[in-house]
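Data block below; observations after.
Values in this text are rule-based calculations from the coordinates and carry no lab data. Just so it is clear, the model here is predicted, and its values are computed rather than measured. In this analysis, Cβ positions are derived from the backbone assuming ideal geometry, glycine residues included, and neighbour counts consider all displayed protein chains.
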Amino acid sequence: MLNIAIDGLSGSGKSTIARLLADRLEIKCLNTGEIYRAFACAFQDFGYSTVSEETVKDLAKRTRVKIEFEGKKQFVYIDGKEYGTRLRTEEISALTPEVALFKVLRKKVLKLQRDFAKHNDCVMEGRDIGSHVLPHAKFKLFITATAEERARRRYEQLKGTANEAKYEDILKELNARDYADIHREVSPLVPTKKSYIIDTTNMTIEQTIDYIENIIRAK
Ligand code: C5P
């Protein structure tokens, strides 16, 4: 199977890049952040009072997770429930790294991800795909951009929507998420020795995709 691992910081453009790259290569794209986001929604709905190893373990034990595709669109179901636009609210964005911290949940998601890669040519996008989930992926890409540029992009994206937020708040939240993703004990966000590091600060999405496609086609 052709497996392409894309990891990177929040707001680096990795989801869009992964989706467009998968389109060009005519393969599936698995957004793994959405799986963790769905678990964060379920965590809220179960009404646990604090995020701890016990509560996340309970959640992981009690629930069943399933991924389905309608055409290119991915849907994550936890016990049959799909969370739609709630997945992307700032509240869920803040809760997700806390829930994603625990090994027991990561193990459950790991199995799902590896099964998917085993049966599908795919671009898989997340934080620990190249380093942990798919160590044998044919291509590993690590997408970065400065925190200010990433916050600016997110601000523009949310402007005029129900999730609109202040630039300063977005930047603060991004920095907190970067810190949590980079410094956690289990599966921290790190490029591997074989990762192509792609800084998109001064690149458009189109330029980035062309650049990546050239790397892949050249091999
Ligand atoms: O990619 P996205 O920003 O949607 O991911 C949401 C959160 O899920 C991240 O901040 C990270 O904490 C967590 N995540 C993870 N491992 C992945 C993908 C996402 O821990 N492979």
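A Cβ-based charge dipole, computed about the Cα centre of the chain with Lys and Arg at +1 and Asp and Glu at -1, lands at about 800 debye. State log₁₀ I(q)/I(0) for the stretch 104-161 at q = 0.22 Å⁻¹ as given by the Debye formula over alpha-carbon point scatterers of equal weight, solvent excluded. The computed values of log10 I(q)/I(0) come out as -0.86. Per residue, the chain reaches -15500 deg cm²/dmol at 222 nm when only DSSP H runs of four or more residues are counted, each adding -39500 (n - 2.57). About the centre of its Cα atoms, the stretch 126-219 shows a dipole size close to 400 debye [charges on the beta carbon of Lys, Arg (+1) and Asp, Glu (-1) only; nearest 20 debye].
Based on the Kirkwood approach, the hydrodynamic radius assigned to the stretch 148-219 is 14.7 Å, with every pair of different Cα atoms included.
The magnitude of the dipole of the stretch 1-55, with charges of +1 and -1 set on the Cβ of Lys/Arg and Asp/Glu and taken from the Cα centre, is near 300 debye. Take the Cα of E185, go 7 Å toward its beta carbon, and the backbone nitrogen atoms of the stretch 42-62 under 20 Å from that spot belong to 50-61. The GluC sites (Glu not before Pro) of the stretch 12-98 that DSSP puts in a loop, and whose beta carbon has at most 15 other beta carbons within 10 Å, are E26, E82.
With each label modelled as a point 7 angstrom along the Cα→C-beta vector, the M203-D121 pair spans 2.2 nm. Other residues with beta-carbon under 11 Å from the beta-carbon of V104 carry, at +1 per Lys or Arg and -1 per Asp or Glu, a net charge of +3. For K172, a cut-off of 23 angstrom between C-alpha atoms picks up these lysines, skipping any fewer than 8 places away in its own chain: K14, K159.
What translational D, rounded to a whole number of µm²/s, comes out for the stretch 96-219 from Stokes-Einstein when the hydrodynamic radius is the Kirkwood one over Cα pairs, at 25 °C and 0.890 mPa s?
It diffuses with D of about 150 µm²/s by this estimate.
Reported to the nearest whole Å, the Cα centre-to-centre distance from the stretch 95-148 to the stretch 1-78 is 9. The peptide list 191-201, 103-113, put in order of mean Cβ contacts within 10 Å with the highest first, becomes 103-113, 191-201. At full extension, I216 and M1 could sit 75.9 nm farther apart than now, given 0.36 nm per residue minus the alpha carbon distance. A Cα-only calculation for the stretch 6-93 places Rg and Dmax at 14.3, 44 Å. For the chain, the Cα gyration tensor yields ellipsoid semi-axes of 26, 22, 16 Å (square root of five times each eigenvalue, largest first, whole Å).
Residue ranges 174-181, 159-166, 71-78 sort as 174-181, 71-78, 159-166 when ordered by packing (mean number of other C-beta atoms within 10 Å per residue, highest first).
The HN-Hα couplings worked out from phi for the stretch 141-154 by the Karplus form 6.51 cos²θ - 1.76 cosθ + 1.60 (θ = phi - 60°) are 10, 10, 9, 10, 6, 5, 4, 5, 5, 5, 5, 4, 4, 5 Hz, whole numbers, x standing for Gly and Pro. Remark: I143, I205 ranked as I205, I143, counting other beta-carbon atoms within 10 Å and listing the fewest first.
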